[in-house]
Structure formats: structure tokens, C-alpha cells
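Quick notes on the structure that follows.
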Amino acid sequence: MSVNYKELLDQLYYETKDFAKYGKVANYIPALERISGDYFALSLITDKGVLYSSGDHSIPFSIQSISKVFSFTMVFRKIGTEIWDRIGREPSGTAFNSLIQLEHEKGIPRNPFINAGAIVVADMMLSVCNDPKSRLLSFIQSLAGDETIHYNPEVVASEKATGHRNYALAHFMKSFGNIHHTVEDVLDVYFHQCAIEMTTDQLARSFLFLANEGKNPINGEEILNPSRTKRLQALMLTSGLYDESGDFAFRVGMPAKSGVGGGIVGVIPRQLSLAVWSPALNERGNSIAGIEAMERFTTYTANSIF
Ligand code: GLN
């Protein structure tokens, strides 16, 4: 079926933008709280590298937990299946910053996409490279083909000042022996990754390797082999939207990853990657208008992974 993606994205923009009024912009740090809930952007890139966008697709925003896909990919490339000695791969069924499960499960996070899991991945990054912050940033820049992608220092500072739960998670896991570096060093990496800013155009492009069996179709570089690409997308499908992953699979039907900045990026393997941004969140910390737009995308095109 041939779809006019530009027209479709414009249609989704007008149909779903107002869903933001049912949500609330993240307010745990001032730098996110003052973002207007009116922003709305959609970007789609095909596996041939053709980009279509609508709305505020050139405005960078805080990618927050979407960064967990990039950090995980960097470590998975380096150490492969060893990851599973220290992190699980089951959906958590709890909030992204929950402490409860960790006690029962002896400091092994359920999956790499809850905060505890991403904090262990940050610890692994410190083991596999000398300067994880600049390595992560240049990795993302090369995936997106754009060197303007940057950290926002104000967001880093506020994440540090308010990140009590993340400190608690890291110390708790350290008490079980699952954090090998100092908590300060590990969280410095984690808070930086949360504070990366990207546009939906850059996000769609940086996830494109997933839609192409692990190879960046624009420069031919293999990021992950096809088997690992499949596994990463399985994790995104089952855990990419935290405690809403089941409902998102039900409504949308794409492996995806969200962040509290209001971004969501999803993939249809061998076809396309789709990024949306609307800052107002539902009670589970996911973009309300973003989910609505993605649901209508797969409904109108009758195209999902199922
Ligand atoms: N910086 C946020 C935190 O660690 C990221 C969480 C998110 O995007 N869900 O709490």
C-alpha cells in the first residue's frame, strides 16, 4: 500500500494535538516544567532514508529515558550476552523509578529500560570505555548524522539536585554488589544521558538502524547484528513504555521507547521509524498526544508489527 506520509503526519498533527490538554508537562525539574505543552512534532523516516515531518520537528527537547536505548545499544555491542548476568529482560509492571522489586530480586533490575536497569548500564559504560559521556554523545551524533546534538547542562544540574530516588536505586543496587563504580560517577553518566536534547527528525533517524536489521542504511555501518537487533526490539516492545508497555503494544503495536520529556520513538522493522513529541504526560509518564498519534498512525495505515 502506498501512503502519502507527509499528508498523514499533517493530518495526525491536527487530529491529535489537543489530546495534550488531558496531560501534564513533567514538573520534577524547572527546566522541564517551563516547556510549553503546545509543542507537537512528528517525524517519520523510511528504511530508504526519506524523511517526512510535521509540526515542531526542528526544536530540540530533552530525550530523557529514550537515551536508555542508546546506552544499552553501546554496551550490548561491546559485551553482548554478559549483560544478562546483571539485568533481567522481563517487563517490570511497576513505575520506572520503583524501588520495591529490587529488594525481592536482590539488586538485579527487571530490564534495561527502568531507571535501575539504565543505571546498571551506565555502570557498565564506565567499565567498557574511558569517557562514556563523550562516547555516548558521539555515538548518537553518528546514528543521527548530526553533530549539533548536545547535553543541556542546566538539566544535568537539576537532575543531580533532585535525583534522590535515582541515588537511592544506585546505592541499593551497590549494596547487592550490582554497581561497580562510585554512585556519583555512575549517576553523572546517567543524568547526562537523560539531559541530551534532540529533535524528532534526529530521533527518527537515529533509530533507523533498528528498522534495517541493525545497519544504518544511510552509511551502511552495522550497529548491531540482526539477532541482537531483534532482541533489543523485543525489549522495547515489552518494556519500552514502562508500566504502560502492554497497553501501548495493544493500542499501537510497535517496539518503542518513551521519555518524560514527552518524546516517543517507534519502529516497524524493515519499513520505518516514527518519532513524536508532545510534552504533556499521562500518569504513567508517557506523552498523551504522542501515544494517540501513534495509535492512529498504525490504525489508518493498517500497518504495525502484527
Ligand atoms: N530523568 C528521569 C529520571 O531519571 C528520566 C525518567 C524518564 O524519562 N522516565 O527520573
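All of the numbers you see were taken from the coordinates with simple rules; none came from a lab. Note that this is a predicted model, so its numbers are computed, not measured. With ideal geometry, Cβ positions are generated from the backbone for all residues, glycine too; neighbour counts draw on all protein chains shown.
Working only within segment 151-161, note down all residues that are surrounded by 14 or more Cβ atoms within 10 Å (Cβ to Cβ) and either of a type in the set (Asp, Glu) or not in a helix (DSSP H, G or I) (or both).
Selection gives Tyr151, Asn152, Glu159.
Can you give me the ranges of the helices (runs of 4 or more DSSP H) entirely in segment 1-101 with at least 2 residues that are under 25 Å from Gly117 (Cα atoms)?
Hits in segment 1-101: 30-33, 67-79.
Of the residues that sit in segment 19-48 and are touching a residue at least 40 places away in the same chain (Cβ under 8 Å), touching a helix residue (DSSP H, G or I) at 6+ places or on another chain (Cβ under 7 Å) and over 17 Å from Ile264 (Cα atoms), which one is farthest from the ligand (Cβ to nearest atom)?
Looking at residues that are touching a residue at least 40 places away in the same chain (Cβ under 8 Å), touching a helix residue (DSSP H, G or I) at 6+ places or on another chain (Cβ under 7 Å) and over 17 Å from Ile264 (Cα atoms), I get Asp47.
All but one of (1) surrounded by fewer than 16 Cβ atoms within 10 Å (Cβ to Cβ); (2) touching a residue at least 60 places away in the same chain (Cβ under 8 Å) hold for Leu203; state the number of the condition that does not hold.
Unmet for Leu203, out of (1) surrounded by fewer than 16 Cβ atoms within 10 Å (Cβ to Cβ); (2) touching a residue at least 60 places away in the same chain (Cβ under 8 Å): (1).
If Leu224 satisfies every condition in (1) aliphatic (A, V, I, L, M); (2) within 14 Å of the chain's Cα centre (by Cα); (3) surrounded by fewer than 24 Cβ atoms within 10 Å (Cβ to Cβ) but one, which is the exception?
Answer for Leu224: the failing condition is (2).
Among the listed residues Pro269, Pro255, which satisfies the condition of being surrounded by fewer than 19 Cβ atoms within 10 Å (Cβ to Cβ) and away from the ligand (no atom under 14 Å from the Cβ)?
Sole residue among the options that is surrounded by fewer than 19 Cβ atoms within 10 Å (Cβ to Cβ) and away from the ligand (no atom under 14 Å from the Cβ): Pro269.
Could you please find all residues in segment 256-285 being under 11 Å from the mean Cα position of the chain (by Cα) and part of a loop (DSSP other than H, G, I, E, B)?
Gly259, Val260, Gly261, Gly262
Looking at the structure I just gave you, is Ile149 over 21 Å from Asp188 (Cα atoms) and out of contact with any Lys or Arg (no Cβ under 9 Å at 6 or more places or on another chain)?
no
Considering only residues that are under 19 Å from the mean Cα position of the chain (by Cα) and either away from the ligand (no atom under 16 Å from the Cβ) or touching a residue at least 60 places away in the same chain (Cβ under 8 Å) (or both), which ones fall in segment 149-185?
Hits for segment 149-185 are Ile149, His150, Asn152, Val155, Glu159, Asn166.
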